[in-house]
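What follows is calculated from the coordinates using simple rules that are stated; it is not laboratory data. Computed from a prediction, not measured in an experiment: that's the story for all the values here. Cβ atoms come from the backbone with ideal geometry, glycine included; neighbour counts cover every protein chain shown.
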6 protein chains.
Amino acid sequence: MSIQSINTRNQFRGRVKEIIEGPVVSEVDVETPHGIVTSVITTRSVRDLQLKVGSEVVALVKSTEVSIAKL
Amino acid sequence: MSIQSINTRNQFRGRVKEIIEGPVVSEVDVETPHGIVTSVITTRSVRDLQLKVGSEVVALVKSTEVSIAKL
Amino acid sequence: MSIQSINTRNQFRGRVKEIIEGPVVSEVDVETPHGIVTSVITTRSVRDLQLKVGSEVVALVKSTEVSIAKL
Amino acid sequence: MSIQSINTRNQFRGRVKEIIEGPVVSEVDVETPHGIVTSVITTRSVRDLQLKVGSEVVALVKSTEVSIAKL
Amino acid sequence: MSIQSINTRNQFRGRVKEIIEGPVVSEVDVETPHGIVTSVITTRSVRDLQLKVGSEVVALVKSTEVSIAKL
Amino acid sequence: MSIQSINTRNQFRGRVKEIIEGPVVSEVDVETPHGIVTSVITTRSVRDLQLKVGSEVVALVKSTEVSIAKL
């Protein structure tokens with residue numbers, strides 16, 4: 001299934017820099033032009049997507065999940 | 001209350017570019033080096049934080065909220 | 001940008017049955033074989049995706065967002 | 001405490017098909033009439049709820065957690 | 001459907017103190033021993049659950065949604 | 001970076017009572033005056049924040065993550 005467009009407004013393109021694999025979930029660190037974006041997904045998904053260091057990915061975040069803090 | 005540090009690994013500093021205010025929730029668009037990061041928070045929080053166009057903020061995302069897609 | 005695959009394990013294909021549009025967020029009800037799946041996304045995304053009644057879509061849910069209750 | 005009704009609109013009834021237990025979180029796969037729904041919850045909750053393969057459960061998802069993609 | 005138990009470890013019992021109703025989502029403020037707990041749910045759910053000021057409710061939060069900040 | 005204020009309306013102050021550390025994520029149980037609040041965050045954050053039993057913390061929850069159930 002190829003998805004044409006998705007509503008998640010916040011999309012960060014980059015390459016996988018590191019994967020810390022656990023029995024259930026894994027941490028996937030994505031290197032983007034403006035810093036590391038960290039994701040925790042199921043280890044099963046890491047395998048299904050065949051993610052490895054260097055894979056080109058997009059990190060996606062739903063707008064309702066973004067908090068705002070004032071400096 | 002001043003917070004020294006927070007666990008959300010994904011922090012995007014920037015300035016508020018636009019606020020679309022609704023009766024319950026508002027969309028806050030933050031201009032960051034990554035591009036626009038969009039957040040939906042309560043309108044009450046927009047007022048409590050006295051957010052307006054130009055405010056310096058950090059958009060925060062918990063790692064468990066970040067999905068990964070392969071290109 | 002066309003996405004090849006995404007890690008969100010829970011994907012519910014269906015057609016948009018109803019859209020309730022608000023100033024900031026909208027409710028999108030998707031008719032799937034599981035029954036109606038309800039999503040709240042930004043109204044901006046509804047427009048960007050040009051969603052309307054009858055659009056073919058996939059509702060996506062990250063596994064970490066799924067709770068379990070016992071009957 | 002018995003709960004009469006809950007606001008999460010998206011409820012998927014089924015039976016636990018598989019549990020992958022980790023030290024902190026576990027993956028619980030629920031077989032529903034229309035496919036597998038995957039959940040990640042704390043391992044402590046798996047024990048508190050005494051979940052095992054075959055348990056009758058409901059997988060619950062808050063509408064604000066559902067993303068929409070267009071095919 | 002009566003639910004016997006749910007995995008969300010964080011349960012805050014209280015009474016609805018205020019409801020701010022919007023066209024799509026509503027803010028429901030619950031008075032609990034912890035102070036006010038604020039929830040944003042669909043307006044449709046507010047009606048389905050027949051919530052009003054004074055209703056006895058439980059506010060539920062999945063552990064993966066809780067962030068930690070250091071003072 | 002010191003944060004002056006954050007939009008998450010639901011803030012529970014307390015002390016860390018227990019940490020269950022996993023390879024990727026850890027459970028952090030916070031004792032508040034009105035009961036335990038449980039959080040699952042990355043183990044990397046537990047280390048970055050130097051959390052240990054007794055640390056003074058605030059557990060934070062975004063309003064859109066709070067569900068409501070009726071008793």
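For this structure, a couple of remarks:
- Dipole in debye (nearest 20) - the protein assembly as shown, about Cα centre, beta carbon charges: Lys, Arg +1; Asp, Glu -1: 0 debye
- Here the residues F:E18, C:E65, A:E27, ranked from fewest to most Cβ neighbours within 10 Å of their Cβ, fall in the order F:E18, A:E27, C:E65.
- For chain B, built as a Gaussian network whose Cα springs stay under 10 Å, the top-fluctuating residue of B:V58, B:V37, B:V25: B:V25
- For the protein assembly as shown, alpha-carbon Rg over 2.2 N^0.38 Å: 0.89
- Projecting the Cα atoms of B:P33, B:T43, B:Q11 onto the charge dipole of chain B, computed from C-beta unit charges around the Cα centre, puts B:Q11 farthest toward the positive end.
- Semi-axes of the equivalent ellipsoid for chain C, computed as √(5λ) from the eigenvalues of its C-alpha gyration tensor and ordered from largest down, come to 21, 16, 13 Å.
- Computed over segment E:13-54, the P(r) tail beyond 16 angstrom holds 27 percent of alpha carbon pairs.
- For B:R15, the point set 7 Å out from Cα toward Cβ sits 3.3, 4.5, 4.8, 4.8, 6.1 nm from its twins in the other copies, listed from shortest up.
- Across the identical copies, the label point of C:D48 (7 Å from Cα in the Cβ direction) is separated from its matches by 2.4, 2.5, 2.7, 2.7, 3.6 nm, in order from shortest.
- Residue-wise HN-Hα couplings along segment A:54-71, as the Karplus relation 6.51 cos²θ - 1.76 cosθ + 1.60 with θ = phi - 60° gives them from phi, are x, 4, 7, 9, 10, 8, 10, 9, 6, 4, 5, 9, 8, 8, 10, 10, 9, 7 Hz; Gly and Pro carry x.
- By Cβ position, the chain F residue that hugs the axis carrying F onto C most closely, with its distance in whole Å, is F:S67, 4.
- Within the same chain, lysines fewer than 8 places from A:K52 are excluded, and of the rest, those with a Cα less than 19 Å from its Cα are A:K17, B:K70.
- Computed from the C-beta positions of B:L71 and A:I20 and an R0 of 30 Å, the FRET efficiency is 0.85 to the nearest 0.05.
- Computed magnitude of the charge dipole of segment A:19-61 (debye, nearest 20; Cβ of K, R +1, Cβ of D, E -1): 140 debye
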